[in-house]
Amino acid sequence: MASNPSLVMRILSASVAVSNRASNIIRNVLTKGDLGIVEKGKNDLQTEADRSAQRCIVASLHKQFPNVAIFGEEQLDPQETIPKDFIELNFDEEVLKHTCPEYLKDTKDEDVVIWVDPLDGTAEFTQGFLDHVTVLIGISVKGNAVAGVVHQPWFNFEKPGLPLGRCIWGVIGLGAFGFERETPPSNKVIVTTSRSHSDRMVTEAVEACNPDEVVRVGGAGHKVLLLIEGKVHAYVFASKGCKKWDTCAPEAILHAVGGTLTDFHGIRMNYSADVQRKNTGGVLATVADHGKFLGCIPEHIRDAMDKSSPAPELDFKGIVVCGGADLEKAKQNNGQVSAAKNPSPEENAESKSSSDKVPNDVNTKL
Ligand code: AMP
Ligand code: MG
Ligand code: MG
């Protein structure tokens with residue numbers, strides 16, 4: 001174990017452990033068979049699995065980190081008694097073996113907001129598309145998505161004999177773990193988007209990217225897994241329907257491996273406690289060529305999407321990751337954001353290991 005682990009690594013380690021517990025709870029709801037479906041709004045469902053998983057995650061993390069702000073997707077009665085076996089107080093030892101990146105070492109309780117989507121892909125869950133379901137726990141520091149957990153309870157569910165479920169976690173500046181990184185094919189363009197929240201604009205934005213294939217699946221978490229595993233090149237969602245709990249964990253993990261998640265104006269989202277929950281600027285996520293995909297989006301679609309409140313500048317002490325590639329730069333360069341790296345002078349001498357994680361198509365020092 002790293003000696004005296006930092007607050008961020010302790011939260012992340014606890015989040016991995018609690019996501020394992022939540023994942024069991026979710027699978028048990030399905031096994032029992034009564035999903036307890038409630039309609040929260042138009043095309044917006046909640047099930048007993050969403051509710052129980054949130055009770056488990058929020059109560060457990062709150063017990064361990066009582067002074068850290070935690071926002072969960074579901075509105076639940078705060079007076080509710082949480083079953084004892086929903087509380088997970090263990091830490092994942094594997095996470096604690098890693099050293100916290102320097103820029104996060106001094107993080108304090110008040111700098112952190114945890115964004116919890118207890119079950120991402122609820123519509124698909126109710127329809128039996130079980131591998132689309134993920135549990136998302138995103139950790140933001142001073143408004144920036146920096147670390148997260150994406151847990152897939154039914155990974156391998158169609159492959160009996162293989163272990164069921166997996167947990168992917170990552171930190172910007174450290175990397176991401178729990179999956180095999182692959183690069184997408186270079187001879188075609190594959191775009192993923194929503195399966196159950198599509199409309200004309202969503203489809204038009206996808207088509208503007210000239211894809212050879214379109215993969216319509218559920219869940220923001222699942223779609224970002226497709227990106228980091230090299231199954232698709234871009235996740236394009238020209239809609240205001242995604243929320244901060246949908247994007248915080250996936251964004252951190254994607255950025256940890258050199259990808260990029262922004263709104264349709266190329267702005268990295270702000271995850272501070274006081275921001276609006278909806279990502280009204282849309283969601284565009286890529287493993288590479290972010291500027292090229294941004295440049296494909298027609299003006300009228302971009303205009304229909306709000307400009308997000310940008311993530312505040314965080315001193316990443318020379319760690320360069322992508323994100324924040326802005327559209328003006330993309331336009332000036334035919335839609336291609338050029339490589340540029342801004343290490344601090346002392347970082348110049350020793351930036352080799354962090355630069356391994358730097359994409360070669362998007363600039364930006366966070
Ligand atoms: P999808 O790709 O459709 O699974 O959407 C990703 C996430 O955003 C899921 O958590 C959805 O519930 C949420 N979402 C997207 N669009 C909407 C919408 N129009 N109404 C409610 N939730 C939405
Ligand atoms: Mg969700
Ligand atoms: Mg959800």
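Some notes on this structure:
- Residues satisfying the criterion are present in segment 38-47 (criterion: of a type in the set (Val, Ile, Thr), more than 14 Å from Ile139 (Cβ to Cβ) and at pLDDT 95 or above).
- Qualifying residues in segment 205-222 (those that are within 14 Å of ligand 2 (Cβ to nearest atom) and hydrophobic (A, V, I, L, M, F, W, C)) - the one surrounded by the most Cβ atoms within 10 Å (Cβ to Cβ): Ala220
- Unique residue being within 14 Å of ligand 2 (Cβ to nearest atom) and surrounded by fewer than 18 Cβ atoms within 10 Å (Cβ to Cβ) when the list is Asp44, Asp106: Asp44
- Odd one out for Phe157 among (1) within 16 Å of ligand 1 (Cβ to nearest atom); (2) open to solvent by 50 Å² or more (accessible area, probe 1.4 Å); (3) free of Cβ contacts under 8 Å to residues at least 60 places away in the same chain: (1)
- The condition of being in contact with a His (Cβ under 6 Å, 6 or more places away or on another chain) and either farther than 21 Å from Gln54 by Cα or open to solvent by 20 Å² or more (accessible area, probe 1.4 Å) (or both) does not hold for Gly295.
- Restricting attention to segment 128-150, the residues that are within 14 Å of ligand 3 (Cβ to nearest atom), farther than 12 Å from Gly170 by Cα and β-branched (Val, Ile, Thr) total 3.
- Some residue of segment 250-257 being within 11 Å of ligand 1 (Cβ to nearest atom) and either open to solvent by 10 Å² or more (accessible area, probe 1.4 Å) or not polar (S, T, N, Q) (or both): yes
- Summed over segment 223-241, residues that are under 22 Å from Ile301 (Cβ atoms) and crowded, with 24+ Cβ neighbours inside 10 Å total 10.
- Of the set (1) touching a Gly at 6+ places or on another chain (Cβ under 9 Å); (2) surrounded by fewer than 18 Cβ atoms within 10 Å (Cβ to Cβ), all apply to Pro78 but (1).
- Contact annotation: residue pairs with Cβ atoms under 6 Å, 6 or more positions apart or on different chains, pairing a residue in segment 264-278 that is more than 21 Å from His300 (Cα to Cα) with a partner that is open to solvent by less than 30 Å² (accessible area, probe 1.4 Å) and basic (Lys, Arg), are Tyr271/Lys244; Arg277/Lys244.
- Among residues of segment 188-220, those that are within 13 Å of ligand 1 (Cβ to nearest atom) and either part of a loop (DSSP other than H, G, I, E, B) or closer than 18 Å to Ile253 by Cα (or both), counted: 9
- Scanning segment 117-132 for residues that are more than 10 Å from ligand 2 (Cβ to nearest atom) and touching a strand residue (DSSP E or B) at 6+ places or on another chain (Cβ under 9 Å) yields a total of 6.
- Top-ranked residue in segment 133-180 [being among the β-branched types (Val, Ile, Thr) and within 17 Å of His222 (Cβ to Cβ); ranked as farthest from ligand 2 (Cβ to nearest atom)]: Ile168
The values are calculated or read from the model by the stated rules, or taken from the named source; none is laboratory data. Note that the coordinates shown come from a computational prediction; the quantities given were computed from them, not determined experimentally. Glycine also receives a Cβ, built like all others from the backbone with ideal geometry; neighbour counts cover every protein chain displayed. These accessible areas exclude ligands, DNA and RNA; they are computed on the full protein's heavy atoms, side chains included. Shrake-Rupley method; radii C 1.70, N 1.55, O 1.52, S 1.80 Å.
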